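Here is the structure we will look at, set down as structure tokens.
The values are calculated or read from the model by the stated rules, or taken from the named source; none is laboratory data. Since the model is a prediction, treat every value here as computed from it, not as a measurement. Here the Cβ positions follow ideal geometry from the backbone for every residue, glycine too, while neighbour counts run over all protein chains shown. SASA here: full protein model, heavy atoms, side chains in, ligands and nucleic acids out. Shrake-Rupley method; radii C 1.70, N 1.55, O 1.52, S 1.80 Å.
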Amino acid sequence: MKFIILLFVNVLLFGCTTLSNSEKITTKYGEYSYHLSGKGDYTIILESGAGDDMTEWESSLNHFENYAQVFTYNRAGFKGSESHNKKRNAQVITVELRELLEEANISPPYILVGHSLGGLYLRVFASTFPNEVAGVMQIDSTHHDMVKNCNLSNDNPTGIPWWAFLILPNAVEGESKGLCKSLNLAKNTNQFPKVPLVVLSSNKVPEGMDEKGTEWKAMQNQQKYLATLSPNSKRITCSSCGHYVHQDKPELIDEALKWIFEQL
């Protein structure tokens, strides 16, 4: 549980903003800031992790742009993005993202790249719109058993103290309240497309965690499980990376995308 809390409050150390040359668009669900760059027949969709906005991808963006058009955005509750929907779970976020892509005239096929909780959101997106997905990359993605016995009546399964929500982006509180719903949605999806899937994850033991302990073993087994979602998958691990694998070793993005495009 301590590891989960750290993922959410990490944003306290950084300012939330948008990438340069970002644009705004209004859909029937609200207004969103997004960034579009690169070019190609495919569009790579970047979905940030818990507490992170689109600037999470700034240091690695060029690695994605080498392969295709790249789209990233701020989910509702981050700077420049607001939604009429009060609930913030994977189902709502999936519907809003799909509408945003349509309004921005960004057509499939999509290659979905999600980090942490963003990976879980895109897992639901891929299962909801399987015919629009050409490939998937999960970067140290959240597993549906991140919180054991997640109760849908629990509006704060992360254990973030109430005062933290006063200074965190609005998205964090909403997505924290919707976390159990999101985890259960991912757990019960069974339409994941049979597309090239790369699971890119850290196998570096976090500080304060026992390498031989059950929590660490469970985390590694969860990443192994994610690679079974598609029969055409590849797992890449990094022993020197932390949770932000794409920032710590961005060259692994090239390895992952090269493999995905070789399968297309």
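One table, with the values for the structure above:
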quantity: Selection count, the stretch 152-209, where residues are at pLDDT 85 or above, of a type in the set (D, E, K, R) and part of a loop (DSSP other than H, G, I, E, B); calculated: 2
quantity: Complete set of residues in the stretch 176-185 that are open to solvent by less than 30 Å² (accessible area, probe 1.4 Å), in contact with a helix residue (DSSP H, G or I) (Cβ under 9 Å, 6 or more places away or on another chain) and farther than 12 Å from residue 85 by Cβ; calculated: 176, 179, 182, 183
quantity: Options 166, 152: the member that is touching a residue at least 24 places away in the same chain (Cβ under 8 Å), open to solvent by 90 Å² or more (accessible area, probe 1.4 Å), more than 29 Å from residue 257 (Cβ to Cβ) and among the hydrophobic types (A, V, I, L, M, F, W, C); calculated: 152
quantity: Tally, over the stretch 81-122, of residues that are within 12 Å of the chain's Cα centre (by Cα) and outside any helix (DSSP H, G or I); calculated: 5
quantity: Per-region count, the stretch 194-218, residues open to solvent by 20 Å² or more (accessible area, probe 1.4 Å), of a type in the set (A, V, I, L, M, F, W, C) and within 19 Å of residue 248 (Cα to Cα); calculated: 1
quantity: Unique residue being among the acidic types (Asp, Glu) and within 27 Å of residue 44 (Cα to Cα) when the list is 211, 175, 207, 215; calculated: 175
quantity: Residue ranges of helices (runs of 4 or more DSSP H) in the stretch 210-264 with at least 2 members in contact with a helix residue (DSSP H, G or I) (Cβ under 8 Å, 6 or more places away or on another chain) and of a type outside the set (A, V, I, L, M); calculated: 245-248, 251-263
